[in-house]
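Got a structure here, written out as structure tokens. Questions coming.
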Amino acid sequence: MNDRDQKAKLSASEKALKINLDHNIYGTFAEIGAGQEVARYFFQAGAAGGTVASTISAYDMAFSDHLYGKAARYVCQKRVEQMLLKEYRSLTTILQETRPKETKFFAYANTVSVRNFQGTNECHGWMGIRFQDKRHRENDANEIIIHVRLLDNDKISQSQAIGVCGVNLCYGAHFLSRDMDAFVVSLMDNLSHERIEIDMICVKGPLFAGVDNRILALKLVKNKMAHAVVFDEKGLVAQPSDLFYKKNIIVLRGSFRPPTHVNMDMIRCANEIYLQEEGHSEDNLLTITNITLANLRAGSGQGEIDDEDFLTRVDLLGGQGLKVLITNFTDYYRLNLYFERFKNQRVRFVLGIYNLMALLDESAYTDLSGGILEGMGRLFDRNSKLYVYPYREEDGHIHDCHHFEYPEHLKHLYFHLLNNGSIVPITNHDPNYLSIWSRNVLEMIQKGESGWEDQVPPSVAETVMEKSLFGYPKKRKSKKKK
């Protein structure tokens, strides 16, 4: 953002006032868990009578259930959706006939858990807005829902951050929703990354007919508003804590351009090894793939992230029944620290032998005061291990945990980790896949060479050819005979 943009950025109070002065915007505020912090901005800005139809804080659970229906959890996406629907319907039912035809109704809602007295709870919240746009019929409502993590250490600061973010959401919905790049960035106006993290966004409605929620989620990571976003097997945006909380996790990092047989074999091997470890079971086990922003940028070849290329990889992995985690963590130890927030019992990283070699490169830890020892300490806690998959060169030479080039002065460190089970060799691999290298597969696709089809799952090969993915030559349309 340049200096001119920075100076032009409105404060939360100025945004609230601009909405209040637009007499066509009229709606309700329903807030649970952090006071009526968003509504407060609109009242204090002045001219709130032109905007606010009602405010409510249904703190009592029984009262909340009476208004919005029963809920197993009160701070969740379903609850904020119930609140939005109920408040919006009440608003339009009561005022549709009495308000001017130009009125654009909206309902804002949030349900938040700020820091409790003991300081033991997860501090986060859901907020959303259901609103009308002047370019659509009166009953065509649009909806935006986001999930936020509160990073301040005290309740008052967290509540204040909710107020600012809520005003940003309301302002963005009414004035920036036709420019989603500007809208996403504006959610952090007057806030810092040290105070709040936005790790999920979902939009729907006629105004967003051409918007892909996965691209919006990617924008959160690209703009450093979140460290990670996650997609389920159907390619739908999911909330990380809903998937990861108290789960045992097997994670495979890669570029997946395209997913190959070796990727699938690595996952199969890792699951088998995990289940053999001390009688572990599949209960509470989650297998996920991880793509870093660096790997996404590598896909375009120009340092930029190709959105279509990104969506292709999410779809192909989803077609193999795999969830996809997008992160800005280049280091495995940072990914391990990320999983710690979800109170995971066990984390197993699946990687190839060349990734293991990179882990032993001391230059990767120059930002840590303790260097590689600190990095290894953060990676190998009591819950994490590495499962390492071998590779076979064209001349038949195999690189595995016992046969690869490691720094001689790190020999004792490496064998300490290997002998104590922190690094686990994958020996149950399929020997037919050891020579598959994803970069070679991609090069064969782009050059139009044959044989790559045998190195990827059949459904992946079919999709690549059908949709001309990763540079696969497009089919020429046959000319119709006259």
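The values are calculated or read from the model by the stated rules, or taken from the named source; none is laboratory data. Quick caveat, the model's predicted, so the values are computed rather than measured. As a convention, Cβ positions derive from the backbone with ideal geometry for all residues, glycine included, and neighbour counts pool all protein chains shown. When the accessible area is computed, the model is the full protein with side chains, heavy atoms only, and any ligands, DNA or RNA have been set aside. Shrake-Rupley method; radii C 1.70, N 1.55, O 1.52, S 1.80 Å.
Could you derive backbone 3J(HN,Hα) for segment 57-72 from the dihedral phi with the Karplus parameters 6.51, -1.76 and 1.60 (θ = phi - 60°), listing whole Hz in sequence and x where the residue is Gly or Pro?
3J(HN,Hα) across segment 57-72, in whole Hz: 10, 8, 6, 5, 4, 5, 5, 4, 5, 5, 6, 10, x, 5, 9, 6.
Could I ask something else about it? For segment 383-396, take each phi angle, set θ = phi - 60°, evaluate the Karplus expression 6.51 cos²θ - 1.76 cosθ + 1.60, and give the result in whole Hz per residue in order, putting x for glycine and proline.
Coupling constants for segment 383-396: 9, 10, 9, 10, 9, 10, 9, x, 9, 10, 6, 4, 7, x Hz.
Now a separate question. Over the Cα atoms of the chain, what radius of gyration and what Dmax do you get, in Å?
Looking at the chain, its Cα Rg and Dmax stand at 25.6, 81 Å.
Considering every Cα-Cα pair within segment 354-474, what fraction, in whole percent, is farther apart than 24 Å?
Numbers: 3334 of 7260 pairs.
Result for the distance tail: 46 percent.
Using a 1.4 angstrom probe on the protein heavy atoms only, could you order 101, 323, 9 from most to least accessible area?
101, 9, 323
Here is a further query. Amide H neighbours of residue 196 under 5 Å, at least 5 residues apart or on other chains, H built in the peptide plane: list them.
Residues meeting the amide H criterion: 151.
Round to a whole number: what % of the accessible area of the chain belongs to carbon and sulfur, probe 1.4 Å?
48
If R₀ is 41 angstrom, what is the calculated FRET efficiency for the pair residue 236 and residue 411, using the beta carbon separation as r and rounding to 0.05? Mind dumping the intermediate values first?
Numbers: r = 46 Å, r/R0 = 1.13.
Working from the Cβ atoms, E equals 0.30.
Kirkwood hydrodynamic radius, computed over distinct alpha-carbon pairs, for segment 1-143: how many Å, to one decimal? Could the numbers behind the result be given before it?
On the way: mean 1/r = 0.0610 Å⁻¹.
Kirkwood radius, segment 1-143: 16.4 Å.
Another question, if that's okay. Karplus couplings for segment 161-177 from phi (6.51 cos²θ - 1.76 cosθ + 1.60, θ = phi - 60°), rounded to Hz, Gly and Pro as x?
Going residue by residue, I get 5, 4, x, 5, 5, x, 5, 4, 5, 4, 5, x, 4, 8, 10, 10, 6 Hz, with x marking Gly and Pro.
To continue, here is another question. Pulled fully out, how much extra length does the chain show between residue 178 and residue 193, if you take 0.36 nm times their separation in residues and subtract their Cα-Cα distance?
Here the segment from residue 178 to residue 193 would lengthen by 2.9 nm.
Using 0.36 nm per residue of separation minus the Cα-Cα distance, give me the extension gain between residue 11 and residue 44 in nm, one decimal.
10.6 nm
Considering the Cα positions of segment 249-357, please state its Rg to one decimal place and its Dmax as a whole number of Å.
Gyration radius and largest Cα-Cα distance of segment 249-357: 14.3, 47 Å.
Moving on. Compute the length gained on full extension between residue 60 and residue 358: take 0.36 nm times their separation in residues and subtract their Cα-Cα distance, giving the result in nm to one decimal.
101.9 nm
Once ligands and nucleic acids are excluded and a 1.4 Å probe is used, how much of residue 227 is accessible, expressed in Å² to the nearest 10?
Using a 1.4 Å probe on the heavy atoms, I get roughly 80 Å².
Amide H of residue 287: which non-local residues (sequence gap of 5 or more, or other chain) have their own amide H closer than 5 Å, using H built in the peptide plane?
250
Follow-up. How much of residue 398 can a 1.4 Å solvent probe reach, expressed as accessible area in Å² and rounded to 10?
Here the residue's solvent-accessible area equals roughly 70 Å².
Any chance you could look up the accessible area of residue 147 with a 1.4 Å probe, heavy atoms only, rounded to 10 Å²?
Residue 147 has an accessible surface of roughly 0 Å² with all protein chains in place.
Can you pick out the pairs among 222/247; 447/474; 234/323; 447/467; 204/234 whose Cα atoms lie more than 19 Å from each other?
222/247
In what order, largest first, do 56, 326 sit by accessible area if the probe radius is 1.4 Å? Present the calculation step by step, with values, prior to reporting the outcome.
Details: 56 45, 326 0 Å².
Heavy-atom accessible area, descending, gives 56, 326.
Determine the order of 74, 171, 387 by accessible area, beginning with the largest, at a probe radius of 1.4 Å.
Order by accessible area, largest first: 74, 171, 387.
Something else: Which value, to two decimals, describes the C-alpha radius of gyration of segment 164-319 once divided by 2.2 N^0.38 Å?
Values: Rg = 17.8 Å, N = 156, 2.2 N^0.38 = 15.0 Å.
Compared with the compact-globule rule of thumb, segment 164-319 sits at 1.19.
Another question about this same structure. Which links in 219/343; 224/343; 15/104 stretch past 19 Å when you go from one Cα to the other?
Violating the 19 Å limit, Cα to Cα: 219/343; 224/343.
Per residue, how much accessible surface does segment 1-146 expose to a 1.4 Å probe? Answer in Å², no decimals.
So segment 1-146 comes to 51 Å² accessible per residue, rounded to a whole number.
Mind checking the per residue accessible area of segment 318-447 for me, 1.4 Å probe, whole number of Å²?
Result: 50 Å² per residue.
What are the equivalent ellipsoid semi-axes of segment 95-211, built from the alpha-carbon gyration tensor (square roots of five times its eigenvalues), in whole angstrom, biggest first?
Square roots of five times the eigenvalues give 29, 15, 11 Å.
Then there's this: Can you compute the modelled spin-label distance between residue 93 and residue 337, with each label point 7 Å from Cα toward Cβ, in nm?
About 5.1 nm, to one decimal.
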